[in-house]
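So the structure is just underneath, and the comments pick up after that.
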Amino acid sequence: MADLAESRDIDLMRRLSAGDEDAFLEFYRRHQGGLYRYAVHMSGRPEAAADVVQETFLTLIRNARKFDEEKGAPASFLYGIARNHVRKLYEKEARYVPFVEESGNGHAPNGNGGPGHSNGNGRHAMPLGQPETVLEGLERGEIVELLHQAVLTLPDHYREPVTLCDLEGRSYTEAAALLECPVGTVRSRLNRARSMLLEKLRPARLGARALGARSGGRI
């Protein structure tokens, strides 16, 4: 199935390079959603993600002829462009004092499957599920928000595999193709990133347990 999708993308890129507008529109529809989710998780802000997606596809139009199917898949080429624009965003925003916004709805839903959707890594793409109690719902919501904030503090080379594998539910193989690195590198970076996130979230988890103990564990 993946081979068929990649073959279609290659055909679209060939046509896009020749100026075929219909090919661009189809390629855009195939990849816009996933690219937007990636940009949201990498930037932490929907408005910044929308800018990244727009700039990425504009760059694709200008540089479509630079795509070489012998060097990688069209999706890898596209995500390579997106990664460059995310880095430019970081460099631009580094010149300003950071301002933390409330972002209760700042993360796009995952489009790769519903609850229980496995990415082949023994992991799932962060479904929240239904809380058993009000307290559990509050704790879970707070921890998920803290998790997203913690992901944003990771260095790029750790944030990218977490975004692709843990937040979007992609397999190691898919992430390796998009990041243009070996599967083993994705595994090692992901393991290190998960350890860093657990350490960052440790105070929040201890606080949630303390709150549960004071409240008798149920509301």
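Summed over segment 49-84, residues that are over 15 Å from Thr163 (Cβ atoms), under 16 Å from the mean Cα position of the chain (by Cα) and open to solvent by 30 Å² or more (accessible area, probe 1.4 Å) total 3.
Restricting Ala213, Ala176 to residues that are assigned to a helix (DSSP H, G or I), modelled with pLDDT of 90 or more and not aromatic (Phe, Trp, Tyr) narrows the list to Ala176.
The values are calculated or read from the model by the stated rules, or taken from the named source; none is laboratory data. Just so it is clear, the structure is predicted and the values come from calculations on it, not from any experiment. Heads up, the Cβs are rebuilt from the backbone with ideal geometry, glycines too, and the neighbour counts pull from every protein chain shown. For accessibility, only protein heavy atoms count, side chains too; no ligands or nucleic acids. Shrake-Rupley method; radii C 1.70, N 1.55, O 1.52, S 1.80 Å.
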